[in-house]
C-alpha cells in the first residue's frame with residue numbers, strides 16, 4: 001500500500017480534477033453483471049487499507065487505522081473495533097483455525113489474534129514495513145509482504161513464530177500463492193512479478209510486466225493465471241508458469257487490489273481515481289475480457305468478495321481537496337463507509 005501512497009500528491013491532484021469533471025451520479029445502472037451499490041455501511045473516521053473475507057464465519061475484515069473493523073455478511077452488522085493494531089494493513093484468514101493474522105507497520109509485527117473475539121495471542125516480529133499478508137495452503141504459513149524490508153516473512157500461525165524469510169532484492173507490494181508452493185509477489189520498484197519457492201525460501205524467477213507501472217494488486221486465478229493491476233491504470237493477465245502476457249486492459253488510475261471470485265470466474269479491480277470497479281470474465285486460459293465497469297466511489301481501491309453470494313465490499317471515504325503539494329490526501333470526517341455491491 002505504501003507504494004501507492006508514495007504517489008499520494010498526484011492522487012490528491014487527480015482526485016480533485018476527477019471530482020471537478022465528474023457530474024453527480026444518478027441511480028446506478030444495471031450493467032452486464034447486474035452489480036450496483038445496494039448499501040453503505042458506516043464506520044469510524046480514519047484511513048484504511050486491505051479488506052478480506054472469512055467464509056467460515058461469514059465475516060468481512062477491514063483494516064482501519066489502529067483497529068480491525070468487521071461486518072457480518074448476512075446481517076450487515078458492523079463492529080468498528082473488533083481488534084486493536086498499530087498502523088494496520090491486512091488481515092489474513094487462516095482456514096480451519098480459530099485465529100487470524102494481522103500486519104502492523106507501526107511496530108513491524110504480525111499479530112496472531114483470536115478469530116472469536118479479536119484478543120491478542122502473540123506478536124511475531126517481521127521485516128520492516130509489514131503490509132500485505134496472505135495464507136498459503138501448501139505450507140500452512142501466512143506470508144507477510146514487507147515493502148521497506150524488501151522481504152517476505154513466513155509466519156506459522158500454529159507455533160505463532162516466524163518460520164523464515166525470503167529476500168526479494170526490491171520493494172514488494174502484494175502477493176498471491178498458487179497453493180502448490182509457489183508465491184507470486186509484485187515488485188513495485190521494478191515493474192515485475194517475482195516467483196518465490198516457499199520451501200527453498202528464494203526467488204526462482206522474475207516476470208517483466210507489459211505496459212505496467214507500479215504493480216499493486218495481484219491474484220492467482222484458475223487455469224494457472226495471474227491478474228495484476230498497476231498504479232497507472234493498467235491490468236496484465238499472465239501465464240503463471242512462464243510469465244507470458246496473455247492480455248492487457250485499462251482501468252481507472254490508482255487501483256490497489258485484485259479481488260477474485262472463483263465460483264463465478266470473475267476478477268474485480270477497484271480504481272480509486274476512476275471511482276469504478278472493472279469486472280473481468282476469466283472464461284478460459286486465453287479468453288479473458290472486461291465485461292463490466294461498475295460505478296463505485298472515488299477513493300475505493302481495495303476490497304473483498306463473498307464467495308457464497310458474490311457480493312463485493314469496498315471501503316472508501318470522501319476526500320478533502322485540493323491536497324497541498326507533497327502531502328497525502330485526507331478524508332472528510334464522518335464519510336468513511338464500506339460500499340456493498342450486489343446483483
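FYI, it's all coordinate maths here, none of it is from the lab. Please read all numbers here as calculations on a predicted model, not as lab measurements. We place every Cβ from the backbone using ideal geometry, glycine too, and count neighbours over all the protein chains shown.
Decide, for the stretch 272-318, between rounded, prolate and oblate: order the square roots of the alpha carbon gyration tensor eigenvalues as a ≥ b ≥ c, take rounded if a/c falls under 1.5, and otherwise choose prolate if a/b is larger than b/c, else oblate. Kindly include the intermediate steps, with their values, before the conclusion.
Values: a/c = 2.96, a/b = 1.57, b/c = 1.89.
It is oblate, given that a/c is not under 1.5 and a/b is not larger than b/c.
Entry note, the chain: the mean residue ellipticity at 222 nm calculated from DSSP H runs of n ≥ 4, each adding -39500 (n - 2.57), is -1500 deg cm²/dmol after division by the residues and rounding to the nearest 500.
Label separation (residue 161 vs residue 120): 2.1 nm, computed from points 7 Å beyond Cα along the C-beta direction.
For a test of the definition: using alpha carbon positions, the gyration tensor, and the 1.5 limit on a/c, classify the chain as rounded, prolate or oblate. Mind showing how you got there, number by number?
Working: a/c = 1.33, a/b = 1.14, b/c = 1.16.
Verdict is rounded for the chain.
Inter-label distance, residue 201 to residue 308: 3.9 nm, where each label sits 7 Å from its Cα along the C-beta direction. Peptides 175-185, 237-247 ranked from most to least packed by the mean count of surrounding Cβ atoms within 10 Å: 175-185, 237-247. The distance between label points at residue 107 and residue 148 comes to 1.7 nm (points 7 Å beyond Cα on the Cα→Cβ vector). With R₀ set to 25 Å, the beta-carbon distance separating residue 208 from residue 56 gives a calculated FRET efficiency near 0.05. Compared with the alpha-carbon gap, the fully stretched path from residue 97 to residue 223 is longer by 42.6 nm at 0.36 nm per residue.
From the P(r) of the stretch 175-314, can you give the percent of Cα pairs sitting at distances over 25 Å?
Values: 1934 of 9730 pairs.
When every Cα pair of the stretch 175-314 is considered, 20 percent fall beyond 25 Å.
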